[in-house]
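Comments concern the structure below.
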Amino acid sequence: LLEPPLMSKLSISAIVSTAFSYGCIISTLFILTLPIECQRIELESTKYHMHSYTIHKSMALGGFAAIAGVTQLVTPIVGMLSDHYAPMTMMPKKHAKAAKLLGRRLPYLLLGSILTVVGAVGQFYASNPIHRNQVLDPTGNDMPLDGNTVGAGSTRIYLKTVMLGGAWMEYTIFFSLCMIGINVVYTVMIALIPDLVPPSQTGVANGSLALMIVLGSLFGFGMYYEVLEGDILNMYKMYAVVAFMTGFISYASVCNRARILQQVDSINTSMKVEDRNDDMERNQPYEANIRRFTQSERTVTNQADMK
């Protein structure tokens, strides 16, 4: 039987490329981004909600760390679900080919990538709690909240400033989505190694995974200090782009490897059928001789009984 072909180091790195986004997001989010965000939440909650409550920086940072820990509980659940996921029985027959190609892991890889990107974009929105909207003022009596009037006459259009008051609730929701997504992606990535990589290259795959995490972390810190110059809002844009790109690369690489493995399985199945047919053809003369010998014995026995 044919053995699955060995993989190049580049192909293995492409399959575990989501480790790059994991290292980039997790390291910089907790060391650089969250402390600044928690400081912002404390200042804005004090400014806009000082008569009701104030969210202190240490309390907010501890809360986000707790949420990150709780979201890691999805990893064994996703692993179990992906182990028992049967796409061929859960999708219509007209999509059977696509379901076979997606397999058990890729649907969860796509789901995790989408949650990560949505969470990053949502954090970008909630991290900028002052939004300007164009509002039509039909009476001309109300003055714009920020003093910027556009137009003239009795009907004026002005830019209204909407204060979200720290937006800590919105930020917490999208942060949770991002953490769930990144943990789902990491779980699927770990499961893909024994599924797709030959046993003789498992060590190479684990080494590539660790290297991707380190490179992603260095990339995130380098972007923050050298390119983005400490701009937190642009960090969220970087998170979304990196998560999307690595998810796409991993998806394409897994599909390509799955096609190769399917071709190998198809060839091996054909070879097994041919071997079975050859065995049957070789055994036919032997079985015919046995039948003739058995019939001869029965004839001799009957003749002896008659005598």
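Here is how the numbers come out for the structure above:
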item: Hits in region 5-26 (condition: of a type outside the set (S, T, N, Q) and over 18 Å from the mean Cα position of the chain (by Cα)); result: PRO5, LEU6, MET7, LYS9, LEU10
item: Residue among VAL264, VAL242 that alone is within 22 Å of PRO198 (Cα to Cα), part of a helix (DSSP H, G or I) and at pLDDT 85 or above; result: VAL264
item: Cross-chain or 6+ apart pairs with Cβ under 7 Å, region 196-223 first and within 14 Å of ILE26 (Cα to Cα), then aliphatic (A, V, I, L, M) and in a helix (DSSP H, G or I); result: MET212/ALA19; ILE213/ALA19; GLY216/ALA19
item: Candidate set: region 170-197, residues that are among the polar types (S, T, N, Q) and surrounded by 21 or more Cβ atoms within 10 Å (Cβ to Cβ); chosen: the one nearest to ASN128 (Cα to Cα); result: ASN183
item: Search result, residues across region 213-231 that are over 20 Å from VAL78 (Cβ atoms), open to solvent by 10 Å² or more (accessible area, probe 1.4 Å) and part of a helix (DSSP H, G or I); result: VAL214, LEU215, SER217, LEU218, PHE219, PHE221, GLY222, MET223, TYR224, TYR225, GLU226, VAL227
item: The listed residue being at pLDDT 65 or above and either polar (S, T, N, Q) or outside any helix (DSSP H, G or I) (or both), out of ASN289, ASN234; result: ASN234
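The values are calculated or read from the model by the stated rules, or taken from the named source; none is laboratory data. Owing to the predicted nature of the structure, the values given are computational and were not obtained by experimental measurement. A quick note on method: Cβ atoms are made from the backbone with ideal geometry, for glycine too, and the neighbour counts reach across all protein chains shown. Side chains included, ligands, DNA and RNA excluded: accessible areas come from the protein's heavy atoms. Shrake-Rupley method; radii C 1.70, N 1.55, O 1.52, S 1.80 Å.
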